[in-house]
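A.B. asks: Can you keep this structure in mind? I'll have questions shortly.
The values are calculated or read from the model by the stated rules, or taken from the named source; none is laboratory data. This structure is a prediction, so every number in the text was calculated from the model and none was measured. FYI the Cβ positions are ideal-geometry reconstructions off the backbone, even for glycines, and counts take in every protein chain you see. Ligands, DNA and RNA are stripped out before the accessible areas are found, and what is left, the full protein with its side chains, is counted by its heavy atoms. Shrake-Rupley method; radii C 1.70, N 1.55, O 1.52, S 1.80 Å.
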Amino acid sequence: MSVKAILDEKGRNVLTIGPQATVRDAAKMLHDNRVGALIVLDREDHIAGILAERDIVAGIARYGADCLEKPVASIMWPNVYRVKEETTIGELMSLMSSKRARHVPVESDGRLAGIVSIGDVVKAHIRAIEREAEEIKAYIAG
């Protein structure tokens with residue numbers, strides 16, 4: 001199974017924000033849309049960073065309430081781990097585990113094509129195991 005299969009099932013909608021938006025605006029987007037991360041895009045729509053809930057918590061711990069008025073660029077993670085649609089679930093799980101990444105953007109031809117969360121990966125893995133179990137049952141019964 002590949003990242004493409006996950007995106008085909010869950011959709012390719014990704015919430016993005018600009019690097020100059022405030023952390024307050026980002027926190028509101030995260031809350032209103034019930035997501036854990038936003039992709040930060042530069043003016044050419046290239047991935048400039050990722051901002052997750054834990055980045056906001058770390059920013060508040062570091063800067064206090066003033067953090068909310070700072071630009072997203074001041075607390076985002078600029079070294080974004082990325083995958084391609086052809087990346088296997090195994091490769092993705094290995095990356096997420098080794099890098100402690102809960103959200104990984106997907107690129108296609110240098111452009112943002114989607115985002116995969118650890119929850120998406122777990123769901124896909126469980127579905128694959130269930131499908132395999134059903135196939136084994138059918139083989140044994142048949």
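A.B. asks: Mind checking the per residue accessible area of segment 9-142 for me, 1.4 Å probe, whole number of Å²? Spell out each step's value before the answer.
C.D. replies: Numbers: 8350 Å² over 134 residues.
Ligands and nucleic acids excluded, the result is 62 Å² per residue.
A.B. asks: Moving on. If contacts are Cα pairs under 8 angstrom and at least 6 residues apart, what is the relative contact order of segment 76-142 in percent? Spell out each step's value before the answer.
C.D. replies: Values: 49 pairs, mean separation 16.5, N = 67.
That works out to 25 percent.
A.B. asks: In the chain, which whole DSSP H runs stretch at least 18 Å along their own axis (Cα) and average -0.5 or higher on the Kyte-Doolittle scale?
C.D. replies: Numbers: long enough: 118-141 (34 Å, 0.03).
Flagged H segments are 118-141.
A.B. asks: Separation between the Lys123 and Ala5 pseudo-spin-labels, each 7 Å from Cα along Cα→Cβ, expressed in nm?
C.D. replies: Taking the two extended label points, one gets 1.5 nm.
A.B. asks: Could you check the simple spin-label distance between Arg111 and Lys99, using points 7 Å along Cα→Cβ, in nm with one decimal?
C.D. replies: Rounded to a tenth, the inter-label distance reads 2.2 nm.
A.B. asks: Can you pull out the GluC sites (Glu not before Pro) in segment 2-53 that DSSP calls coil and that have at most 12 other Cβ atoms within 10 Å?
C.D. replies: Values: sites: Glu9, Glu44, Glu53; in loops: Glu44.
Those that pass, being in a loop and sparsely packed, are Glu44.
A.B. asks: Which percent of the accessible area of the chain is formed by carbon and sulfur heavy atoms (probe 1.4 angstrom)?
C.D. replies: Values: 4570 of 8710 Å².
Within the chain, the accessible surface is 52 percent carbon and sulfur.
A.B. asks: Aspartates and glutamates near Lys10 by alpha-carbon distance under 15 Å, same-chain residues fewer than 8 away left out - which ones?
C.D. replies: Lys10 reaches Glu85, Asp120.
A.B. asks: Then there's this: Note the per residue figure in Å³ for the convex hull of the C-alpha positions in the chain. Intermediate results must be reported in sequence, preceding the final value.
C.D. replies: Details: hull volume 16.4 nm³, N = 142.
Per residue, the Cα convex hull of the chain comes to 115 Å³.
A.B. asks: Give the relative contact order (percent, whole number) for the chain; include only Cα pairs under 8 Å separated by 6+ residues.
C.D. replies: Values: 194 pairs, mean separation 37.1, N = 142.
Relative contact order here is 26 percent.
A.B. asks: What is segment 42-112 by shape, rounded, prolate or oblate, if you read a ≥ b ≥ c off the alpha carbon gyration tensor as root eigenvalues and call it rounded for a/c under 1.5, prolate for a/b larger than b/c, and oblate otherwise?
C.D. replies: Here segment 42-112 falls in the oblate category.
A.B. asks: Right, here's the next one. With a Förster radius of 35 Å, plug the Cβ-Cβ distance of Glu91 and Arg24 into 1/(1 + (r/R0)^6) and report the FRET value to the nearest 0.05. Kindly include the intermediate steps, with their values, before the conclusion.
C.D. replies: On the way: r = 36 Å, r/R0 = 1.03.
Efficiency computed from Cβ-Cβ geometry: 0.45.
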